[in-house]
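Have a look at the structure below, then the notes.
What follows draws every value from the coordinates through simple rules; no lab data is involved. Every value quoted in this text rests on a predicted model; they were computed, and no experiment measured them. Backbone-built Cβ (ideal geometry, glycine too); neighbour counts: all protein chains shown.
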Amino acid sequence: MKLAEILKKNYYIYKIGRKFRIFLFVLKDVLLLAKYRTRKDNTENGVIIPPLGYIKLTLNESVDYEKKILFDKSEELNWLHSIKTLLNEDSKVAFYYPDGLLIPVFLSKNISCKILIISKKDDLSLSKLIKDNDLKNISLVSNYTTLDRMDLIFLPKSDNLNFNKNSENIIYFGDSSKNQYSSNTFTLYRNINGRFFPKDTYIDKSLDVDFYLLTRKKRQGGGTLSFNDKNKISGATYLRSPEIYPFDLCYDSVLDHVDEFIFAVDNVLQRDTRQEHDKRDILIERFMDGLSDKNRSKVKLVKFDFKARFNSQLNVPAKWLVDVSNHVLDVSKYNNICFLQADEMYHEDNFEEIKAFSRQDEIIALQHEFLHFVKDLKHIRNPETVAYTHAIRVFKKDNFSCTGDGYTFVPLQGKNHLPKIKTSKLPIYHLGYVIDFRKKMQVHLDEGGIFNFKDKKVLTDDWIDKADLIQYSGGYPKSLFLKNKLSSDKVSSFLSDLE
């Protein structure tokens with residue numbers, strides 16, 4: 001069977017599987033006995049929620065987001081994980097009459113920030129839960145006089161939250177006129193599936209949330225769009241360890257074809273020393289110096305803390321990649337996104353199709369087939385057994401959020417929504433385990449690396465030496481053959497093997 005046929009078959013199996021999963025969810029709702037047993041166990045005995053690590057919590061089915069987890073323990077919870085990007089270990093967080101303790105417990109266990117819960121007097125259920133979980137950094141109070149000292153405030157979606165009729169700059173909550181907060185001090189956001197939207201941004205009502213975030217930490221915006229910007233394209237990426245990626249060649253494959261290029265860089269490195277920062281900055285400067293004036297002007301370096309350290313207690317590898325990807329979307333100016341990671345390369349002939357995509361609104365994403373190269377440029381992972389053969393990289397920003405461990409994007413309507421998505425004619429060339437692949441794997445396994453998380457062990461030979469490979473004899477992008485680039489010498493030996 002030809003490679004294209006294998007990839008096509010694999011995708012259809014995946015698509016059918018999604019539809020079957022939706023059917024199973026409906027069937028579970030019909031089988032009331034099974035639903036009753038699940039409810040009884042998780043609400044009375046508590047449940048460990050895999051995406052949150054080993055936090056065991058009794059859930060409240062009257063709370064919408066807890067009800068989702070109640071019947072689907074694999075719920076991604078991107079909206080909850082992304083809150084980590086707004087906080088640090090010394091942050092002060094307040095919850096204004098919360099319906100449940102899922103969010104406070106998650107933040108307490110993973111970030112150890114100071115949490116204040118404004119609740120009714122003598123709330124024995126909250127007190128017991130805090131005591132049972134040894135949550136020493138969570139305090140209960142019955143008033144909100146200290147909220148002006150908070151870094152982040154969770155507000156319920158209720159009539160008690162409103163804006164001054166005469167000024168959008170004043171936010172009121174509660175009945176007392178003393179509770180006024182200026183938007184010059186706080187910024188109000190809705191957090192939808194990991195993406196942050198300003199309160200006044202129009203979003204489909206079906207995507208509304210159960211709380212708002214009032215934060216002192218203003219997030220960088222993408223800017224105001226004009227009608228002439230509708231068809232423009234934002235290239236987007238992030239980078240933490242440039243020495244183990246052919247990032248310069250990969251980024252070159254899109255720079256000629258996008259109108260801006262969001263380049264996110266971590267303020268806190270895996271080995272966070274002055275020497276490592278200097279080495280990283282020199283590599284980025286050399287990359288920038290190698291660009292034409294036109295392409296250099298497109299690059300927008302966005303530096304922020306990726307908060308990778310807050311993932312050490314989680315069971316989902318590299319969940320911080322999802323948070324970072326969503327942040328990059330939030331700061332991108334244009335609605336058409338051309339996303340790539342530091343070891344992914346587009347073919348130059350792909351951009352005729354990508355630009356056609358940017359000029360229409362019916363199709364909301366281009367899905368790309370992936371060629372995963374291992375050891376050299378002559379072998380790829382067998383599409384019959386590889387973890388994924390397709391992922392979304394080109395899409396309408398307002399419709400998508402990153403998910404899983406950061407490998408793809410899903411519609412904001414939910415992981416089971418099936419929107420209009422087209423498969424691109426050309427693949428993406430994933431060079432992940434070709435150049436310095438053993439060094440790369442070791443970096444990932446070291447403290448703070450992508451695969452260094454709770455109870456997770458990854459053996460190098462399982463990923464590389466024992467990989468199921470097949471021969472590849474197709475074409476390659478021109479960017480792979482560029483001379484006088486940072487990665488040119490590293491790539492040259494692999495290119496000579498193709499001759």
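Amide H contacts under 5 Å for residue 367: 422, 423, 424, restricted to partners 5 or more places along the chain or on a different chain, H placed in the peptide plane at 1.01 Å from N.
Sorting the segments 365-376, 49-60 by their residues' average number of neighbouring beta-carbon atoms within 10 angstrom, most packed first, yields 365-376, 49-60.
Please find the FRET efficiency linking residue 353 to residue 62, where r is the Cβ-Cβ separation and R0 is fixed at 56 Å, and quote it to the nearest 0.05. Result of the calculation: an efficiency of 0.75.
Whole Å is fine, so just give me how far the alpha carbon centre of region 224-285 lies from that of region 369-410. Computed from Cα coordinates, the inter-centre distance equals 19 Å.
Taking the Cβ-Cβ separation of residue 464 and residue 99 as r and a Förster radius of 41 Å, what is the calculated FRET efficiency to the nearest 0.05? Show your work: numbers first, answer last.
On the way: r = 47 Å, r/R0 = 1.15.
The value I calculate is 0.30.
Under 5 Å between amide hydrogens, built in the peptide plane, is the criterion, and for residue 260 it picks out 233, 235 among residues at least 5 positions away or on other chains. By other beta-carbon atoms within 10 Å, ranking 485, 319, 490, 294 with the fewest at the front produces 294, 490, 485, 319. In this structure, the pairs whose alpha-carbon distance is over 20 Å, taken from 319/440; 333/420; 319/420; 218/319, are 333/420; 319/420; 218/319.
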